[in-house]
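To start, the structure under review is shown below, and the notes come after it.
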Amino acid sequence: MREGSSVGLLELQEGIRGLLEKGLERSYWVRAEISDIKQQSVGHCYLELVERREDDEGVSARAQAIIWASSFRMIRPYFTSSTGSELSRGMQILVKAQVQYSPLYGLSLIISDIDPSYTVGEHELQRQKTINRLREEGMFEMNSTIELTALPSRIAVISSESAAGFRDFMNHLHNNEYRFNFNTELFKASMQGASAPGEIISALDQIAERYDEFDMVVIIRGGGSVQDLSCFDDYELSANIAQFPLPVITGIGHDHDVHIADLVAWRGLKTPTAVADFIIEMFSSEEQQLAYLLQRLSMAIRGRGAEELSALEKLEMRIYSVAKERLASEIYRVELLSQKAESGNPLTLLRRGYAVPVVKGERINSVDRIEEGGMIKIILADGEAECKIEIIKRYEEKD
């Protein structure tokens, strides 16, 4: 090969780039798996994308991809809020990308958009949005904070009367081996299809009007397909359950999927029978706890009987001693009061030789109240005397 017919590496690379730019569309939607992801401090995000073989044994294609910081600032929060997850290794993504070829770095994909619905599926995307909305509005954990009475015997049941799950629940609850008694009332509602959320909400409204007649609400059905159960991811229904004033327990009858109604309820259980078992177990647990406490009380009474009897006898003696001392003290006090009252009695003073002068019906204590020739009554201990005043003699006051 002659030197004159050769090309430089850069020229070759530029030729490849030119052919790619002419032969390719401006952008493509590309399906791939993230095998590696790194984010730089300046905000750019670098990914390694792969497509695996159908037998999952090895990689059939690999490419480097870049999300520039200006795009990543918008793509990242939207993707995270829509899926509930950050971009990560092993995640399947659908990206809008432009093919770029550089003589230095080779082929790479410049990503301008990511479709989060591809990652989680259309239904899962809506489900995650509903969960995020309930969290943002502060409703997600409201029902779980309500206190459930220890013995919830008054139960409002929302279900379809013809549902096998309803019959299973009723039989299991009312025919329990402990013979616990429960009062249940059915509020009928469709448990699948487009009308189900509205009918269940209507049943909740009826129960709310009689709020004080029930201890709890159970929502039950006997399982079904993913499509049948999709109504339990409805925002309005979930919001009503979350804000309901009584504890709500769900038993929708699914073994694998957890629906939003389960997440916002006071407790989400797998089946109607599991709900019945949960309620029965509450009663059984309380019964066992009561029996244990009664046993401990009986043992404590027997163990402390002699000790308490001795303490009572000592207390009796102390009360008797204190009462005796108090009685003697009160008798002495009464005697003193009697003597004091006797000494202040006017008759006692009269018997000692004192007299009470009375003029015109009033006692007097000064000669200024009498005059010579006037009359004065003298009251003595055993009678009184009327006297005429002959002479009045005044005593001089001493300084």
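The values are calculated or read from the model by the stated rules, or taken from the named source; none is laboratory data. All values derive from a computational prediction rather than experimental measurement. Glycine also receives a Cβ, built like all others from the backbone with ideal geometry; neighbour counts cover every protein chain displayed.
If a residue must be small (Gly, Ala, Ser) and either outside any loop (DSSP other than H, G, I, E, B) or surrounded by 13 or more Cβ atoms within 10 Å (Cβ to Cβ) (or both), how many such residues does the range 132-147 contain?
So in the range 132-147, the residues small (Gly, Ala, Ser) come out as 138, 144.
Next, from what is left, pick out any that are either outside any loop (DSSP other than H, G, I, E, B) or surrounded by 13 or more Cβ atoms within 10 Å (Cβ to Cβ) (or both): 144.
Selection size over the range 132-147: 1.
Checked against (1) surrounded by fewer than 13 Cβ atoms within 10 Å (Cβ to Cβ); (2) within 19 Å of Asp234 (Cβ to Cβ), Ala150 meets all criteria but (2). Summed over the range 232-286, residues that are in a loop (DSSP other than H, G, I, E, B) and surrounded by fewer than 18 Cβ atoms within 10 Å (Cβ to Cβ) total 7. Tell me yes or no: at least one residue of the range 301-315 is under 60 Å from the mean Cα position of the chain (by Cα), at pLDDT 75 or above, acidic (Asp, Glu) and in a helix (DSSP H, G or I). Within the range 301-315, one or more residues are under 60 Å from the mean Cα position of the chain (by Cα), at pLDDT 75 or above, acidic (Asp, Glu) and in a helix (DSSP H, G or I).
Among residues belonging to the range 187-211 that are small (Gly, Ala, Ser) and modelled with pLDDT of 95 or more, point out the one that is nearest to the chain's Cα centre (by Cα). Per the stated criteria, the residue is Ala208.
Applying the criterion of being over 17 Å from Tyr105 (Cα atoms) and in contact (Cβ under 8 Å) with a residue 24 or more places away in the chain to the residues of the range 41-58, the residue that is surrounded by the fewest Cβ atoms within 10 Å (Cβ to Cβ) is Val42. Of all residue pairs spaced 6 or more apart or on separate chains, none has beta-carbon atoms under 9 Å together with a first member in the range 176-196 that is not assigned by TED's automatic domain parsing to the domain that holds Asp212 and a second member that is surrounded by fewer than 16 Cβ atoms within 10 Å (Cβ to Cβ) and in a loop (DSSP other than H, G, I, E, B). Evaluating Ala63 against the criteria (1) in a helix (DSSP H, G or I); (2) in contact with a strand residue (DSSP E or B) (Cβ under 6 Å, 6 or more places away or on another chain) leaves one unmet condition, (1).
For the range 105-131, a residue qualifies if it is loosely packed, with under 15 Cβ neighbours inside 10 Å, on the phi < 0 side of the Ramachandran plot and either aromatic (Phe, Trp, Tyr) or in contact (Cβ under 8 Å) with a residue 40 or more places away in the chain (or both), and the qualifying residues are Tyr105, Leu107, His123. Scanning the range 100-147 for residues that are touching a Pro at 6+ places or on another chain (Cβ under 8 Å) and outside the structural domain of Ser238 (by TED's automatic domain parsing) yields one hit, Leu125. One residue stands out among those in the range 24-47 that are over 21 Å from Tyr118 (Cβ atoms) and in a loop (DSSP other than H, G, I, E, B): the one that is modelled with the lowest pLDDT, which is Leu24. Within this structure, Leu151 passes the test of being in contact (Cβ under 8 Å) with a residue 24 or more places away in the chain, out of contact with any strand residue (DSSP E or B) (no Cβ under 7 Å at 6 or more places or on another chain) and part of a loop (DSSP other than H, G, I, E, B).
Could you tell me whether Val258 is at negative phi, of a type in the set (A, V, I, L, M, F, W, C) and without any contact (Cβ under 8 Å) to a residue 12 or more places away in the chain? Answer is yes for this residue. Among the residues making up the range 6-37, those that are basic (Lys, Arg), within 23 Å of Pro103 (Cα to Cα) and either surrounded by 11 or more Cβ atoms within 10 Å (Cβ to Cβ) or without any contact (Cβ under 8 Å) to a residue 24 or more places away in the chain (or both) are Arg17, Lys22. Regarding the range 97-104, can at least one residue be identified that is within 30 Å of Val258 (Cα to Cα) and either crowded, with 16+ Cβ neighbours inside 10 Å or free of Cβ contacts under 8 Å to residues at least 24 places away in the same chain (or both)? No, because not a single residue in the range 97-104 is within 30 Å of Val258 (Cα to Cα) and either crowded, with 16+ Cβ neighbours inside 10 Å or free of Cβ contacts under 8 Å to residues at least 24 places away in the same chain (or both).
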